[in-house]
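The structure appears below as structure tokens.
The values are calculated or read from the model by the stated rules, or taken from the named source; none is laboratory data. For clarity, every value in this text was computed on a predicted model and none was experimentally measured. Cβ sites come from the backbone with ideal geometry, for glycine too, and all protein chains shown count toward neighbours. Accessible surface is based on the protein model in full, side chains and every heavy atom, while ligands, DNA and RNA are left aside. Shrake-Rupley method; radii C 1.70, N 1.55, O 1.52, S 1.80 Å.
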Amino acid sequence: MNTPNISKTDIIDAFIFRHATKEFDTTKKLSDDDVNFILQAANLSPSSFGFEPWHFIVVQDQKLRELLKPVAWGAPLKLDTASHFILGLSMKAPMIKWNEDYITYMMKEVKKFPEDVIEVYLQKYREFQERDFNLDTDNKLFDWASKQTYIALGNMMTVAALSGIDSCPIEGFHQEKAEKLLSEKFNVNTKKYGLSYMVAFGYRKEEPARPKSRRNCKDIVTWK
């Protein structure tokens with residue numbers, strides 16, 4: 001395994017470069033290599049217990065993009081201009097509750113845990129859900145899974161910025177209507193998956209009108 005050697009300056013420059021791009025240059029498209037690189041960042045993102053409670057749909061079909069517009073008020077211009085448009089789905093209770101088949105599959109088939117480790121790991125996961133975080137409803141479980149899926153979102157946008165690629169995260173959609181559409185037109189089992197966010201990638205049409213503004217670091221950090 002190679003030890004990363006990216007300069008701190010390059011990383012900070014990427015965060016300064018990144019902004020919520022409202023309109024993309026339709027004459028510039030991401031290469032397949034660039035898209036796969038961004039998706040690999042999502043694939044390698046950390047998640048609680050390592051259970052990867054996510055799925056990503058890359059929407060390139062223009063007819064499907066048009067269908068998304070009426071249920072996503074924050075997305076129309078991005079749907080028209082972005083090189084690539086991704087839906088970030090998070091798993092619901094039938095997938096991620098401690099006693100569901102997917103959890104067993106992840107431990108046995110993906111992580112290759114031995115049986116004795118599976119027993120201990122599963123007990124810890126059950127205690128985490130039932131005692132530590134009180135994830136006792138479907139909504140709580142979905143919200144918890146969404147937190148993991150947002151980690152992948154942040155990583156996708158960061159590696160894109162490090163590559164000079166623009167992005168825009170989107171929460172401007174009607175969740176119930178959007179999920180109904182996903183069920184009817186995108187072949188998504190919405191009993192198992194819910195929509196957490198949308199994100200567009202491409203190249204900015206214009207530079208931001210204003211420089212990035214943030215609170216001072218000392219105002220958001222407390223040392224004890």
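Structural remarks
- Enumeration of residues in region 32-65 that are open to solvent by 50 Å² or more (accessible area, probe 1.4 Å) and in a strand (DSSP E or B): His55, Val58
- Hey, Phe142 surrounded by fewer than 17 Cβ atoms within 10 Å (Cβ to Cβ), touching a residue at least 40 places away in the same chain (Cβ under 8 Å) and either of a type in the set (Phe, Trp, Tyr) or under 30 Å from Ala14 (Cα atoms) (or both) or not: no
- Boolean, Pro76 is more than 20 Å from Leu141 (Cβ to Cβ) and either basic (Lys, Arg) or over 22 Å from the mean Cα position of the chain (by Cα) (or both): no
- Flag if Lys111 is among the basic types (Lys, Arg), in contact with a strand residue (DSSP E or B) (Cβ under 7 Å, 6 or more places away or on another chain), closer than 20 Å to Arg126 by Cβ and surrounded by 13 or more Cβ atoms within 10 Å (Cβ to Cβ): no
- Tallying residues that are surrounded by fewer than 16 Cβ atoms within 10 Å (Cβ to Cβ) and part of a helix (DSSP H, G or I) within region 81-101 yields 2.
- In region 162-179, the residues that are in a helix (DSSP H, G or I) and in contact (Cβ under 8 Å) with a residue 24 or more places away in the chain: Leu162, Lys177, Ala178
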